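Below is one structure, written out as structure tokens, with a few remarks after it.
The values are calculated or read from the model by the stated rules, or taken from the named source; none is laboratory data. Predicted model, so just to flag it, every value in this text is computed and none were measured. All Cβ positions, even for glycine, are placed from backbone atoms using ideal geometry, and neighbour counts span all protein chains on display. Just the protein is used for accessible areas: all its heavy atoms, side chains included, with ligands, DNA and RNA removed. Shrake-Rupley method; radii C 1.70, N 1.55, O 1.52, S 1.80 Å.
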Amino acid sequence: MSDNGRVHRSTSADLRPRLPSPLMEADDERFARHGVRLLLKRDDLIHPDLIGNKWRKLAPNLKAAGGRAIVTFGGAYSNHLRATAAAGRLLGVPTIGVVRGDELADRPLNPSLARCAADGMRLRFVDRSTYRRKTDPDVLAALLDTADATDAYVVPEGGSNSLAVQGCTDLGRELRGHADVVALACGTGGTLAGLAAGLAPEQRALGIAVLKGGFLPADIRALQEEAFGGPRGAWHVADGFHFGGYARVPAELAAFAEDFEARHGVPVERLYVAKALYALVALTQEGAFPRGTTLAAVVTGAPFDDAQPSASR
């Protein structure tokens with residue numbers, strides 16, 4: 001706040017990223033014994049509040065919003081909601097988060113949603129049926145009216161739209177010439193859609209789905225159509241490593257993440273990054289990558305205190 005009590009509107013310097021993000025070698029015998037080299041693309045170090053792909057996806061949308069209030073969507077543990085709330089705080093822009101699950105309104109806020117509220121985001125909880133229909137024009141209009149945000153700039157769930165996809169092409173460009181396969185965890189698919197478009201023709205992108213349903217390939221194709229007018233790059237989605245669905249962190253996955261942290265000194269976010277790294281170890285052991293392959297795993301986020309669900313879930 002300024003001395004006269006008005007909200008401070010900061011400049012885009014508050015969102016200045018560390019780019020290109022660091023690329024580090026990970027010496028790991030689980031890959032080396034199969035003749036595979038592992039690199040870690042440390043997008044978790046881009047910005048302290050808008051971590052990883054959240055900065056890449058939000059930055060072009062924040063510019064397009066032009067200072068208007070921002071409405072966006074997410075679940076109870078949404079990294080995207082947290083990043084949007086942080087961006088609103090940094091830029092002095094109002095934010096409204098539409099949260100899936102009206103039953104959550106009667107509970108204490110979990111640490112993730114509490115951080116959103118502390119950063120000034122107004123939270124609106126809606127029932128799951130309404131949330132599933134949030135892109136329907138009439139439903140969206142009603143949600144905006146209820147939130148007193150009819151003039152707001154709308155960012156879709158996960159931040160994935162054509163601007164976000166275009167913003168993520170730089171991730172692919174930064175990795176040109178460094179890896180044969182670039183892998184990352186996927187929720188809504190926007191980062192993978194842009195990454196694949198930015199890679200060189202001889203490279204391919206691998207998405208690890210963190211949700212059940214098998215819907216990602218169609219969504220990624222639609223995002224590339226919207227962003228580029230057609231398909232771009234070589235990409236594939238692996239659908240067998242979601243561990244039961246989003247926000248599911250069984251003991252096996254939690255133990256894997258702790259072990260990876262101990263081996264490499266890299267904090268492992270559980271909902272996305274752990275699943276991607278686990279998948280790469282498993283696929284390497286299965287012989288999915290020929291000897292001589294260089295893998296680059298994109299570290300798209302960082303752990304957030306105790307905002308992640310318990311390993312018993």
**OP:** Please go through region 92-131 and pick out each residue that is farther than 21 Å from L15 by Cα, part of a helix (DSSP H, G or I) and touching a Ser or Thr at 6+ places or on another chain (Cβ under 9 Å).
**Re:** D102, L113
**OP:** Those residues that are open to solvent by less than 30 Å² (accessible area, probe 1.4 Å), assigned to a helix (DSSP H, G or I) and touching a helix residue (DSSP H, G or I) at 6+ places or on another chain (Cβ under 9 Å), I need them from region 132-156; list them, please.
**Re:** V139, L143
Original post:
Got at least one residue in region 261-277 being of a type in the set (S, T, Y), within 25 Å of L171 (Cα to Cα) and in a helix (DSSP H, G or I)?
Top reply: no
Original post:
G159 versus (1) touching a residue at least 60 places away in the same chain (Cβ under 8 Å); (2) over 19 Å from the mean Cα position of the chain (by Cα); (3) surrounded by 20 or more Cβ atoms within 10 Å (Cβ to Cβ): which is the lone unmet condition?
Top reply: (2)
Original post:
Considering only region 50-75, how many residues are closer than 19 Å to L175 by Cβ and either of a type outside the set (V, I, T) or in a strand (DSSP E or B) (or both)?
Top reply: 7
**OP:** Only one of these is closer than 24 Å to Q166 by Cα and within 20 Å of the chain's Cα centre (by Cα): R221, R248, R270. Name it.
**Re:** R221
Original post:
Condition test on H47, is it assigned to a helix (DSSP H, G or I) and either out of contact with any helix residue (DSSP H, G or I) (no Cβ under 8 Å at 6 or more places or on another chain) or modelled with pLDDT under 95 (or both)?
Top reply: no
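A quick yes/no check of all residues on (1) outside any strand (DSSP E or B); (2) closer than 15 Å to D219 by Cα:
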residue	(1), (2)
D170	yes, no
R176	yes, no
L184	no, no
L192	yes, yes
A196	yes, yes
Original post:
Consider G207 against the criteria (1) in a strand (DSSP E or B); (2) farther than 23 Å from W55 by Cα; (3) of a type in the set (G, A, S): it satisfies all of them except one. Which criterion is unmet?
Top reply: (2)
**OP:** Please find, within region 278-290, the residue that is least open to solvent (accessible area, probe 1.4 Å) out of those that are in a loop (DSSP other than H, G, I, E, B) and closer than 23 Å to G172 by Cα.
**Re:** F289
Original post:
Which residues, taken from region 67-107, are β-branched (V, I, T) and either surrounded by fewer than 23 Cβ atoms within 10 Å (Cβ to Cβ) or without any contact (Cβ under 8 Å) to a residue 60 or more places away in the chain (or both)?
Top reply: V93, T95, I96, V98, V99
**OP:** Select from region 34-56 the residues that are open to solvent by 60 Å² or more (accessible area, probe 1.4 Å) and touching a Ser or Thr at 6+ places or on another chain (Cβ under 9 Å) and write down the one among them that is farthest from P303 (Cα to Cα).
**Re:** R37
Original post:
Inside region 210-236, can you point out the residues that are among the hydrophobic types (A, V, I, L, M, F, W, C) and assigned to a loop (DSSP other than H, G, I, E, B)?
Top reply: V210, L211, F215
Subject >> Test: G120 is surrounded by fewer than 20 Cβ atoms within 10 Å (Cβ to Cβ), more than 26 Å from L211 (Cα to Cα) and touching a Pro at 6+ places or on another chain (Cβ under 8 Å) >> reply: yes
Original post:
Quick one: would you say V249 is among the aliphatic types (A, V, I, L, M) and not in a helix (DSSP H, G or I)?
Top reply: yes
Original post:
Considering region 1-33 alone, what residues qualify as being outside any loop (DSSP other than H, G, I, E, B), modelled with pLDDT of 95 or more, surrounded by 12 or more Cβ atoms within 10 Å (Cβ to Cβ) and within 25 Å of the chain's Cα centre (by Cα)?
Top reply: L23, M24, A26
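For (1) among the small types (G, A, S); (2) out of contact with any Asp or Glu (no Cβ under 9 Å at 6 or more places or on another chain); (3) surrounded by fewer than 23 Cβ atoms within 10 Å (Cβ to Cβ); (4) free of Cβ contacts under 8 Å to residues at least 12 places away in the same chain, each residue gets a yes or a no:
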site	(1), (2), (3), (4)
D170	no, yes, yes, no
V181	no, yes, yes, no
L184	no, no, no, no
G187	yes, no, no, no
A196	yes, yes, no, no
I208	no, no, no, no
Q224	no, yes, no, no
G230	yes, yes, yes, yes
G233	yes, yes, yes, no
